[in-house]
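First the structure, in the form of structure tokens, and then the observations on it.
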Amino acid sequence: MADTLAAPDLIAKTREGLRAGQQQLRAAYETDGSAVRLLRGRARLVDQALRDLWRNMAMPADVALAAVGGYGHGELYPCSDVDLLFLTPESGDPARLGPLIGLLWDIGLDVGHSVRTIAECLDEAERDITVQTTLLEARLICGNSELFREFASRFDACLDPAEFFKAKRLEQAGRYSRRNDTHYSLEPNCKESPGGLRDLQVILWTARAAKLGNGWRKLSQAVALTTEETRQLAHTESFLRHLRIRLHHGAGRREDRLSFELQETIARSFGIAPTAAKRAAEVLMQRYYRNAKLVMQLNTLVLQKISLAISPAPAATPVAIDQHFQTVRDLLDIRRDSLFEDAPQTILEAFLLMARHPELHGMTVRTLRALWQAGRRSGVALRKHPQAPELFMQLFRNGRGLTRALRRMNQYGILGQYLPVFGRIVDQMQHDLFHAYTVDHHILQVIRNLRRFAMPEFAHEYPFCTDLMTAFDKPWLLYVAALFHDIAKGRGGDHSQLGMIAARRFCKRHGITGEDADLIVFLVGQHLTMSQVAQKQDLADPQVIRHFAGIAGTKRRLTALYLLTVADIRGTSPKVWSAWKSKLLEDLFQATAKFLRGDAPFEMAGVPERQEETRALLRLRGLRPNIEIPLWQQLDTGYFLRHDADEIAWHTQTLHDRPDTPEPIVCARVNPGGDGIQVMIYVADQPNLFARICGFFARHGMSIAEAKVHTTRHGYALDSFALLIPGEEAQTYRDLIGFIEHDLAECLKTQPPLAPPPPARLSRQVKHFPIVPEVSIQPDEGGLQHIMSITAADRPGLLYSVARILSRHGIFIRSAKIATLGERVEDIFLISGDELSQTATLVHLEQELLEALQVSEFSKN
């Protein structure tokens, strides 16, 4: 190696040059707003730094250094990594490059590099489409130009445009699938999400591979795009470029996700001001969603044109479907360009044909273009057409293809044009802690979930829901109810009640009458009720079941409400649904269905029936008759009402021969539903017991989903907990069972002092959507006990913090109903204690609880 300018000096000089250059580029961008100048400027800046290092390090003359990926294209975002290829001859030693590669990190570049021969490049490219795409835009920076030209020539000779196109289409489909096939995430990735920069890059990559041009203008000429389409390609790309640049600047790092924390900052950087109804971030996000929707439309249209250019199909004879439509190579085609304008009802006919003919793979380019125009111009004519209501309802009654049809209609603006009430919630964000999508996408996701309940190929997912749905006489009524259940969000007032009015109008216009209309309106008005009852109320209380049965009224309504509730919860976010919620809802459904059947009154039949069912389970498990008597004599009616037969049998099997044991007994098992762990604790009652148990779980990162606290007649605590362990799979729960059984029993035996709650950082969602904590303590109807409800942002150790305070005040927890809705907890406790009857101490207790629930960046003790 030649003189390296004293490596520390070289590093410092190069690092400072890059820093100063990037500052100048940012200042120029903030002045002139040219994204292209910034992106190309940074690429040139890094090019020069690499050439200077190459020269100073006297690198081998037989090696070529090439930029690949986005950097190879000649553009670099402010904090993007720098992808490099060190191209070596067949006999070269890669170790020679070590000093330079190490230096690249020292000068502050985030480098992704590979060291390959030409043969290795070609071999990797053949096996990996990602590598092939990266090498497609390879560009020589410095070094052996002859070697690089040989590589470029051989790579070009090996590139099969048709195979490359198919691989990129499959890769895009996989990327879409990983992001739930939607651009409507509330925190989308502007690069990778559907409708992001990657969709535009796929177009350019496939065009480049097919030698159709390196930019929008050349591509437009090669595949005959319209002037408007070419302009929109450039416009959507420009918006996404500016967005990604500002994300990098705002975050100070490579950040492509429009996170809640950055949305307001980015909106301000665009000069977006809040309106009377919307925050600046909401205006920005609606602009993003519209842009993403347009990108997806362009992606579909242009890739179809590129496909025809790469693999020209022989002239196909159109096959007429009817007077308006025909098929061309398995694509739906309009028979005249002005069809949708002349006969607007055919817009709905097009989607109906797509739904009825699954062999159709899409629509021809001219049909897509006509649909695009119709979405902007034909709304009034479509709504007023006398055939439109019947055609729209045929989509729902047909069922098959409904989800795809509605998503396509929404993508092209048709759904919002036909139903203006739906148009008002398109792209509308939801500012809470558990919805992951915009309102319109959530609605379509709920319809999709209901459709899956009705399809045999998905019966394995939720077999009970499938059984109910296949037996339901008119499943299309549920699809209509799902369409309207959240349609009035963002209008002020109770969206359920406002949605009922909109649903009633829809039914009247679309000829839905009598019980069918009443069911739709009922479901829209009550779509939150079943979830609230299941998660917040005591399902062992006969009055809860009786009251809910009064709301449902009939088995048909109960079934419909149950199916809509499951589909709704599953449609909020992939993280919200759990087997525990499933069990709560199914328990409520079964108890209410039993009541509606007119069986023996719930409160009279519950205990004897449950005991008999438990005895049968005990016999099946090999226990002799009457073995349960010593334990059961110590248990009261409340215990049997609050536990199901399987739980009672488990407790009895464990405790029947030691009801008076002096040692704590802790027994754990995988939840029968497969989600989490159930823990049973049996110990002579002791001070601070509930707090001690909660503290143990909190210290080990275990979240309590439900707690059932019971004291036997002879002074033993028989408590049951349902635990969720974040990040753990069901098969690993068994590894935790032995730990819980041993260490928790030891903790209860030694009774150590209560430790402070573990500190916990708040989640990003809670920081962005703060929750004002609430505490309410009211006497129950008998006046002997009190009901305490708390609402707060969830965090590890929250329940332990509450339990410690109650313990200090001598308050006993009789039962706890834990409800976690995303990042929000709504817990209800049945408590007793002397201080609850004194106003002054009760107020002090509430204030202390509020202080513990109020958190800032870090949770308090």
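The values are calculated or read from the model by the stated rules, or taken from the named source; none is laboratory data. Not measured: the values here are computed from a predicted model. Glycine also receives a Cβ, built like all others from the backbone with ideal geometry; neighbour counts cover every protein chain displayed. Heads up: the accessible areas ignore ligands, DNA and RNA and are worked out on the full protein's heavy atoms, side chains in. Shrake-Rupley method; radii C 1.70, N 1.55, O 1.52, S 1.80 Å.
Quick notes on this one:
- Residues that are in contact (Cβ under 8 Å) with a residue 60 or more places away in the chain, open to solvent by 20 Å² or more (accessible area, probe 1.4 Å) and not hydrophobic (A, V, I, L, M, F, W, C), drawn from segment 645-673: Glu663, Pro664, Arg669, Gly673
- Listed by position, the helices (runs of 4 or more DSSP H) enclosed by segment 324-380 that each have at least 3 residues that are open to solvent by 30 Å² or more (accessible area, probe 1.4 Å) and of a type outside the set (A, V, I, L, M, F, W, C) are 365-377.
- Scanning segment 466-487 for residues that are more than 22 Å from the chain's Cα centre (by Cα) and of a type outside the set (D, E, K, R) yields Thr466, Leu468, Met469, Thr470, Ala471, Phe472, Pro475, Trp476, Leu477, Leu478, Val480, Ala481.
- Residue match in segment 524-539 (condition: open to solvent by less than 20 Å² (accessible area, probe 1.4 Å), in contact with a strand residue (DSSP E or B) (Cβ under 8 Å, 6 or more places away or on another chain) and not basic (Lys, Arg)): yes
- Residue check for Arg127: over 25 Å from Asn214 (Cα atoms), modelled with pLDDT of 90 or more, open to solvent by 40 Å² or more (accessible area, probe 1.4 Å) and not small (Gly, Ala, Ser): no
- Subset of segment 656-695 [over 20 Å from Glu628 (Cα atoms) and polar (S, T, N, Q)]: Asn671, Gln678, Gln686, Asn688
- Asp106 touching a strand residue (DSSP E or B) at 6+ places or on another chain (Cβ under 7 Å) and either among the small types (Gly, Ala, Ser) or closer than 22 Å to Glu16 by Cα (or both): no
- The condition of being farther than 21 Å from Ile321 by Cβ and among the aromatic types (Phe, Trp, Tyr) holds for Phe396.
- Qualifying position, being among the hydroxyl-bearing types (Ser, Thr, Tyr), modelled with pLDDT of 95 or more and either more than 30 Å from Leu50 (Cα to Cα) or open to solvent by 60 Å² or more (accessible area, probe 1.4 Å) (or both), among Ser193, Ser153: Ser153
- Only residues that are open to solvent by less than 40 Å² (accessible area, probe 1.4 Å) and over 16 Å from Glu75 (Cα atoms) were counted in segment 18-27, giving 1.
- Checking each residue in segment 540-566 for being within 27 Å of the chain's Cα centre (by Cα) and buried (at least 22 other Cβ atoms within 10 Å of the Cβ) picks out Ala560, Leu561, Tyr562, Leu563, Leu564, Thr565, Val566.
- Selection of segment 62-93 for residues being open to solvent by 20 Å² or more (accessible area, probe 1.4 Å), at pLDDT 90 or above and more than 23 Å from Arg44 (Cβ to Cβ) yields Asp62, Pro89.
- So Phe165, is it touching a residue at least 40 places away in the same chain (Cβ under 8 Å), more than 19 Å from Gln411 (Cα to Cα), surrounded by 18 or more Cβ atoms within 10 Å (Cβ to Cβ) and under 34 Å from the mean Cα position of the chain (by Cα): yes
- Scanning segment 94-113 for residues that are open to solvent by less than 50 Å² (accessible area, probe 1.4 Å) and of a type in the set (A, V, I, L, M) yields Leu97, Leu100, Ile101, Leu103, Leu104, Ile107, Leu109, Val111.
- Here Arg642, Arg615, Arg621 are screened, and the one residue that is over 16 Å from Leu744 (Cα atoms), open to solvent by 30 Å² or more (accessible area, probe 1.4 Å) and more than 42 Å from the chain's Cα centre (by Cα) is Arg615.
- Residue list for segment 286-323, filter: more than 40 Å from the chain's Cα centre (by Cα) and under 22 Å from Phe351 (Cβ atoms): Pro318, Val319, Ala320, Asp322, Gln323
- Check on Gly598, at pLDDT below 85 and either open to solvent by less than 30 Å² (accessible area, probe 1.4 Å) or of a type in the set (Gly, Ala, Ser) (or both): yes
- The residues of segment 289-300 that are at pLDDT 95 or above and touching a Phe, Trp or Tyr at 6+ places or on another chain (Cβ under 8 Å) amount to a single one, Asn291.
- Conditions (1) over 21 Å from Pro796 (Cα atoms); (2) touching a helix residue (DSSP H, G or I) at 6+ places or on another chain (Cβ under 6 Å); (3) at pLDDT below 95; (4) of a type outside the set (Ser, Thr, Tyr): number failed by Cys667: (3)
- Any hit, segment 368-383, residues being touching a helix residue (DSSP H, G or I) at 6+ places or on another chain (Cβ under 7 Å), over 30 Å from Asp473 (Cα atoms) and polar (S, T, N, Q): yes
- Within segment 392-402, the set of residues being modelled with pLDDT of 90 or more, open to solvent by less than 20 Å² (accessible area, probe 1.4 Å) and not aromatic (Phe, Trp, Tyr) comprises Met393, Leu395, Leu402.
- Each residue in segment 788-822 was checked for being in a loop (DSSP other than H, G, I, E, B) and touching a strand residue (DSSP E or B) at 6+ places or on another chain (Cβ under 6 Å), and 4 of them qualify.
- Residue match in segment 196-205 (condition: part of a loop (DSSP other than H, G, I, E, B) and acidic (Asp, Glu)): no
- Entry remark, segment 806-826: residues being open to solvent by less than 10 Å² (accessible area, probe 1.4 Å) and without any contact (Cβ under 8 Å) to a residue 60 or more places away in the chain number 1 in total.
- Pairs with Cβ under 7 Å, 6+ apart, first in segment 479-508 and open to solvent by 10 Å² or more (accessible area, probe 1.4 Å), second basic (Lys, Arg): His495/Lys489; Leu498/Arg491
- Leu850 being in a helix (DSSP H, G or I), open to solvent by 50 Å² or more (accessible area, probe 1.4 Å) and modelled with pLDDT of 75 or more: yes
- Within segment 31-47, being open to solvent by 90 Å² or more (accessible area, probe 1.4 Å) and modelled with pLDDT under 95 holds for one residue alone: Thr31.
- Scanning segment 793-805 for residues that are crowded, with 18+ Cβ neighbours inside 10 Å and farther than 22 Å from Gly715 by Cβ yields Ala793, Asp794, Arg795, Pro796, Gly797, Leu798, Leu799, Tyr800, Ser801, Val802, Arg804.
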